[in-house]
Amino acid sequence: MKILLVHAHPEARSLNGSLKQFMLERLAKAGHEVQVSDLYAMQWKATLAADDFTHLAPGAPFDPVTDSLRAFEAGNQREEVAAEQAKLLWADTVIFQFPLWWYTMPAILKGWVDRVYAYGFAYGVGEHSDTHWGDRFGQGVMAGKRAMLVVTTGGWASHYSARGINGPMDDLLFPIHHGILYYPGFEVLPPFVVYRTGKVDAAAYARITDDLGRRLDTLATTEPIPFRPQNAGDYEIPALTLRDDIAPGETGFAVHAAPAGRNAR
């Protein structure tokens, strides 16, 4: 399997840095081809801005959508952006590894998404009609590929439980799982989350790597989160709301995944 690891932590000697190295060694030992995008080591430019686009004249108005499309179609994107897109196209599975900072991914990783997910590449593709609203949410350039988050957080698991003060972890990760990964077509695997990072001693680290190793060993067979495909009939188009007979009376993030035991259509 071809695997891309996108890593976002500023300290190589951190728990995240150690887990990154563990994953690389485990995956290589299993015979996988692995590429790494270590965003801090790469000094990745996080901001999507006019200086990304060589076709813009000095002082010209900057439109992130249309200028992104123009650069992508003309093949004159920044070299580092095109290189990351090539890695995504190469990979069968992408692992995103990062600490949960202020309830989301670090800014450098969000900036990677902002720049690499160009219009015409990760979004804005496919026909728009009365029955098909673009190739997205289950369709798109990443269809057939898998993605998984490896996330660390200092809080306890109970803090992120159904009634925990931080909110359910599945809800916090929904914008990433559904809006960043499922949107361009990835099959999204359940996340691997490490809690109480400040309390990880040798025994805890051994348990964590044992569990993580098993997840890496089953990347190809783990059942993905059964998100509902946009264009398969569950959603009214163009309103993009669930049909009245689908999960009647239910709302919230969870309604966009099929019930346990039933595959999304």
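Where a number appears in this text, it was derived from the coordinates with a stated rule and is not lab data. Everything quoted here is computed from the prediction, not taken from an experiment. A quick note on method: Cβ atoms are made from the backbone with ideal geometry, for glycine too, and the neighbour counts reach across all protein chains shown.
Here are a few things to note about the model shown:
- The amide H of S37, built 1.01 Å from its N in the peptide plane, has L5, V6, H7 as neighbours under 5 Å, considering only residues 5 or more places off or on other chains.
- Projected-area mean, region 1-92, by convex hull of Cα positions, square nanometres: 7.0 nm²
- Region 93-135 gives an Rg/Rh value of 1.14, both radii derived from C-alpha positions and Rh following Kirkwood.
- Lysine pairs with alpha-carbon atoms under 16 Å apart, the chain, spacing 8 or more or separate chains: 6
- Each Cα pair under 8 Å and six or more residues apart adds its sequence gap; the mean of these over the residue count of region 92-145 is a relative contact order of 29 percent.
- Taking the square roots of 5 times each eigenvalue of the Cα gyration tensor of region 120-264, largest first, gives ellipsoid semi-axes of 32, 18, 13 Å.
- Cut-off 14 Å, label 7 Å out along Cα→Cβ of S14, residues of region 98-129 by amide N: 98-110
- The chain: relative contact order in percent, alpha carbon pairs under 8 Å with at least 6 residues between: 18 percent
- Read-out volume of the Cα convex hull per residue in Å³, derived from the coordinates shown; its label in [x] 127; [y] 148; [z] 195: [y]
- Coordinate range along principal axes, alpha carbons of region 52-142, Å, largest first: 38, 37, 28
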